[in-house]
Each structure stands twice: as structure tokens, then as C-alpha cells.
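The values are calculated or read from the model by the stated rules, or taken from the named source; none is laboratory data. From a predicted model like this one, the values you see are computed outputs, not experimental measurements. A quick note on method: Cβ atoms are made from the backbone with ideal geometry, for glycine too, and the neighbour counts reach across all protein chains shown.
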């Protein structure tokens, strides 16, 4: 059987699709991209918290996997596929992650309200009060992470406008 000239090997097609998806995500507006990450990871963290409290391992596994995939995609796109300097990328990552944690605690507090009463609300208020310090800590950690990741992998060259047309 001969392979047609229009078909590419499966590995090349998968890599080019992933590359294309990441480039497309890199061109989306930063606020929309961050808000999507915050919502998705917040829900995933709430699923993990709810599964941990109710001792349902499947929910913990599912929420952890969802949060891990979302964070991997968010960090990859922010570090390698956006035209941001290290500080701006670190601030974007730190603020988005901190707000995702707040959203996760809010959802978890709502889900666990019948079981634990005000304990979830107390955790939510504590997280809100600690938010400024958490953001400062995560900016420093994210700046180090962005610098190291950019050092290991050179920035992706952006295609020129002439090639895209």
C-alpha cells in the first residue's frame, strides 16, 4: 500500500496541531485567557477539595488532572508563546494562580457548606486576607520559573506577517 502525498506521519501532524493550538492561545487576549484559566482551575481545585473532604478518590484524581493540564497549558503559553518580558509573565502567572485558588476555595465553601458550615467560609476569608502577600510571593517564584524555563527553551520565533498570508 502506498501512502498518499497529502498525508503526513502521525507524529508530525500531532506536533504541528499542538504547536498551532499553543500559538493560537498565545494570540488570544490576555484577560480572556487568564479568566478562562482562573475559572477552569478554580473549579478543578474545588473538585479536589470536595473529593478530599468527602473521601472520594476519583474526584481528587479528576480535579488534580484537570488542574495540572490547565496549569501546564497556561504556563507554557505564557512563558513561550506571548510577547511579554519576564516580569509581566510572572505577574500574569502569579495573579491568575492566586485568583484561581480564591475561586476554588469559594466553590469548595459552597459545596461543603451543608457538611462543615462556616469552616469553608472562614477558609475563604483567610485566603482573601492573605491574597496580597500570596501574590507577592508567587510573583517572585513565577519570575524565577519563567526565567529558568526561557533559559532551557529559547523563545519560539514568531512567523512573519508575510508568511501567514
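See the values below:
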quantity	calculated
Hey, residue 149 over 15 Å from residue 94 (Cβ atoms) and either assigned to a helix (DSSP H, G or I) or modelled with pLDDT under 85 (or both) or not	no
Whichever residue in the range 113-143 is modelled with pLDDT under 80 and surrounded by 14 or more Cβ atoms within 10 Å (Cβ to Cβ) and, among such residues, is farthest from the chain's Cα centre (by Cα)	116
Matching option when the condition is exposed (fewer than 14 other Cβ atoms within 10 Å of the Cβ), out of contact with any strand residue (DSSP E or B) (no Cβ under 7 Å at 6 or more places or on another chain), in contact (Cβ under 8 Å) with a residue 12 or more places away in the chain and not in a loop (DSSP other than H, G, I, E, B), among 102, 87	87
Of the criteria (1) without any contact (Cβ under 8 Å) to a residue 12 or more places away in the chain; (2) within 12 Å of the chain's Cα centre (by Cα), which one residue 34 fails	(1)
Qualifying residue in the range 60-67 (condition: modelled with pLDDT under 90, over 18 Å from residue 138 (Cα atoms) and either surrounded by 12 or more Cβ atoms within 10 Å (Cβ to Cβ) or in contact with a strand residue (DSSP E or B) (Cβ under 9 Å, 6 or more places away or on another chain) (or both))	no
Count of residues meeting criterion [more than 16 Å from the chain's Cα centre (by Cα), touching a residue at least 24 places away in the same chain (Cβ under 8 Å) and assigned to a helix (DSSP H, G or I)] in the range 51-84	1
